[in-house]
1. R130: accessible area at probe 1.4 Å, nearest 10 Å²?
2. Given Cβ point charges of +1 (Lys, Arg) and -1 (Asp, Glu) and nothing else, what value in debye, to the nearest 20, does the dipole of the stretch 171-252 about its Cα centre take?
3. Using θ = phi - 60° and the Karplus form 6.51 cos²θ - 1.76 cosθ + 1.60, what ³J(HN,Hα) does each residue of the stretch 239-247 get, whole Hz, x for Gly and Pro?
4. Take peptides 87-97, 285-295, 307-317 and line them up by average Cβ neighbours within 10 Å, highest first, as a rough protection proxy.
5. Using a cut-off of 14 Å between beta-carbons, work out the net charge of the residues near L176 (Lys and Arg +1, Asp and Glu -1, L176 not included).
6. Multiply the residue gap between E405 and D74 by 0.36 nm, knock off their C-alpha separation, and tell me the result in nm, one decimal place.
7. What list of ³J(HN,Hα) values in whole Hz, one per residue of the stretch 206-215 in order, does the Karplus curve 6.51 cos²θ - 1.76 cosθ + 1.60 (θ = phi - 60°) give from phi, with Gly and Pro shown as x?
8. How far apart, in nm, are the 7 Å Cα→Cβ label points at N198 and T316?
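The values are calculated or read from the model by the stated rules, or taken from the named source; none is laboratory data. Fair warning: this is a prediction, and the values are worked out from it, not measured in the lab. Don't worry about glycine lacking a Cβ; one is built from the backbone with ideal geometry, like all the others, and counts go over all protein chains shown. Remember, those area values only see protein heavy atoms, side chains included, never the ligands or the DNA or RNA. Shrake-Rupley method; radii C 1.70, N 1.55, O 1.52, S 1.80 Å.
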Amino acid sequence: MTAAELQHKLGRSSALSAAHASPPTAMACMNSFILPTFRHSFVSLSLVFTFLSAFSCSCRASQVPVPVTIQQGDVPGTVVQDNFLGISFELYPFNTLWSHIQGENHRNRCPTAMENYLSNLRARIESPLRIRIGGNSMDSAVYVPTQTEMIVVTGDPAADPDDVPVDFGPMLFKVLDAMSNVVGQMEFIVGLSMRSSNYTNAVEVAGDTRKILGHRLDAMLLGNEPDLYASNGVHLGYTIQEYITDVGTMLQDLRNSPYGDLIPDTIVGGPTICCDWNLSDVLSAGLSQYPYKYYTVQHYAKSICSGPNASNENITYFVSHVNVPMYTNWQKQGVQMANDARTPVLVTEYNTVSCGGSNVSDTFAATLWAIDAGLNYASSGMSGAYIHTREYGILYNLFDPPSPETSTEPNWRTGSPTFIAGGSIVVDLNLNNSIYDPAATVAGYALYDKAGTKAKRLVFFNYYRADDAGSESAARNFTLEGGLATTAGVRILAAPSIYERTDISWAGQTVGLNGELDGTQTTKYHYDCAMGCNITVPGPGAALVLLDDVPDDSAFFFGSSAVAPLS
């Protein structure tokens, strides 16, 4: 768990390249072909066009259509790539998800289920899949260069599950590299600890990760949530100015390391703050003087660190679009300063409810919210966002093995899909005044080309609640204006209700017991949109609309993307 979650636990509110290494050795993952099977789907977000297919809605739409007006030409905004969404992994349980050590030679076998999860994501984007390894456990861990095991737990996890002490070795980076060889290109962000005033350990991590990962290393983040160092007892009375001084010292150590200059290029990032500091204050205090590749922040919507309450178990919060811009814009001033300086901002950790999630975190409402939040981050000037996942049993996890000890066996459980298109400028359409009106039950986005001149894709949300007497009838028609496109291809994410945890389909397909996709992959095409047309979205649900898409030249993903055979 992250220090951001520790912050909530303490009762505070959340404001919240070297040449590429040679092919993996015998110590890296061996490609195993274990048949992956999955328990029922639980909702908490897989990633970027997972399990794409189609759904044709034959339901009766509301008599009150939602008018969709799209601005064309000179739309301002931050251009985001198709790998905008990434996955953030907590270090402590990483070996229970990515690798299983076996035999006297410490040969590792990558779980086939994880290979297929990541391959499904990677196949649907052109850019490398983004992976971050970090969290509170990364910041407190000790790197042991001679250690052959990936991770060794050195204390009692039950003593403080928010800060489990571990040692880790270079096997971590070898497994990352080997997984990329199996599923396709990835880029990795790795944390460097700033907890100690002696940065020898961080320098060793930087040296080995650069040597092993090579060009696959995207960035090294200096520290994890230093704004909580004071309240967590790491550095009593720690201030922003002390942090700026420590950053300067650490950068000097990285430049003058025993392994040579480890930062000859722009590859460091930070401050990875969450709670007690504002990004604008950190930049103004002097962080902007350093050559950073990324500025990084972290944010959860709610917290359950002090136990369940009416706020963190309020499902209606997650099905009201008006809450999303307020959530994503909590660092608006700092993001604007970063954009003015042409330094990308990443949200290196986000999810629904911190400290493991609440009874809302595994519902269809949480899935819709996380897609909405991801798109809103893109429309708010961010350049990337990473959905966080932790140890076995956490409600908001993207996936879980059968147990922490049996990751190479079948019966994993999997989350439901989310999507975002890349190389785009993302704009919140404020449908039905949804940015400002809490009663609005719809939302929508336009995804423009890089020049911001033409809308290429649309995303619509229908947050229908059957238990809300004031809601419109379930299905809604989103009416496209004439002249926007001549045709449209549509795929739908749907479930019977916002409370659903199992019966969730992405474009008509669900994940079967063996990890295969059940159902026929089809797409609903509209050929009469030149004068305007209606896109029907079931309630609750979401739609991805590709403008001017046709079957013979479709931008949708078709086919299987599993690495290992599913039958």
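1. For R130, the solvent-accessible surface is approximately 20 Å².
2. Numbers: 5 positive and 9 negative charges, 54 e Å.
Magnitude of the dipole: close to 260 debye.
3. Each residue of the stretch 239-247 in turn: 10, 4, 5, 5, 4, 4, 5, 5, 4 Hz.
4. In decreasing order of mean packing, 87-97, 285-295, 307-317 become 87-97, 285-295, 307-317.
5. Value of the local net charge: +2.
6. Gain in length upon complete extension: 113.8 nm.
7. 4, x, 6, 5, 5, 5, 7, 7, x, 5
8. 5.6 nm
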